[in-house]
Amino acid sequence: MKPIPLLTALLLAACGTGATNEHDHAAGHATHTHNVVADAQASADPLAPVLDAYFRLKDALVTGDSVQAPQLAVKLDGSIHNIDKDALPASQQAEWEEVMTSLMPTLHPYGVTKGLEQQRTLFAQLTPGMKRIAELATSDAPVYLLHCPMYHGGADWLSREKAVKNPFYGSAMLTCGSVKETVAR
């Protein structure tokens, strides 16, 4: 095995990865870059980590990943509990407490759900509270409220994209739905 040149070793250490091949290094660098961006957003908008966690959960449901979804719901719960209420404007602190309290009865059982259908039902129940969080957020990134008319008589979800990727039906009806409104800009 050839020794790794010093510059490459330093780059790997800077990215926080012990990647040994080009693909692993690129993946490690992408993660590092994403974390830097997420940290910058979090410092600008204290609610950004909560929205980020919600969007990761949505993406898992779009792909039908019933194993990862409960884990991501636990991370969403953690991101909600880690918000420094004092970092929010005083006018938003009471509403934050109300929204946080309203989300807990849905989030706490989510972490132990196994079935994709139950996970999707709980996700639909999260969206009204998450919409309120998106309205409180100060990020310049747009957040869209999308609607699926077919799921349980109609269900909503939030997305950073206008393109419909339905978390309630996944690949079975991926593009079922429409944009109802722009919640935050």
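Scanning the range 151-168 for residues that are touching a helix residue (DSSP H, G or I) at 6+ places or on another chain (Cβ under 7 Å) and in a loop (DSSP other than H, G, I, E, B), we see that the one that is farthest from residue 120 (Cα to Cα) is 160. Once the range 90-104 is narrowed to residues that are of a type outside the set (Val, Ile, Thr) and touching a Leu at 6+ places or on another chain (Cβ under 9 Å), the residue that is surrounded by the fewest Cβ atoms within 10 Å (Cβ to Cβ) is 95. In the condition set (1) in a loop (DSSP other than H, G, I, E, B); (2) at pLDDT below 95, residue 64 is compliant with all but (2). Cβ-Cβ contacts under 7 Å between residues 6 or more apart (or on different chains), taken from a first residue in the range 164-179 that is in contact (Cβ under 8 Å) with a residue 12 or more places away in the chain to a second residue that is of a type in the set (D, E, K, R) and not in a loop (DSSP other than H, G, I, E, B), are listed as 167/58; 167/120; 168/120. Determine whether residue 137 is under 16 Å from residue 184 (Cβ atoms), in contact with a Pro (Cβ under 9 Å, 6 or more places away or on another chain) and either in contact (Cβ under 8 Å) with a residue 12 or more places away in the chain or not assigned by TED's automatic domain parsing to the domain that holds residue 176 (or both). So residue 137 passes the test.
From the list 184, 163, 134, exactly one residue is buried (at least 19 other Cβ atoms within 10 Å of the Cβ) and out of contact with any Leu (no Cβ under 8 Å at 6 or more places or on another chain). Which is it?
Answer to the selection: 184.
Picking from residues in the range 105-131 that are among the hydroxyl-bearing types (Ser, Thr, Tyr) and in a helix (DSSP H, G or I), the one that is surrounded by the most Cβ atoms within 10 Å (Cβ to Cβ) is 110. Checking each residue in the range 137-148 for being in contact with a strand residue (DSSP E or B) (Cβ under 8 Å, 6 or more places away or on another chain) and loosely packed, with under 14 Cβ neighbours inside 10 Å picks out only 141.
The values are calculated or read from the model by the stated rules, or taken from the named source; none is laboratory data. As the structure is a computational prediction, the values presented were derived from the model and not from experiment. Note that we place each Cβ from the backbone using ideal geometry, even for glycine, and neighbour counts take in every protein chain shown.
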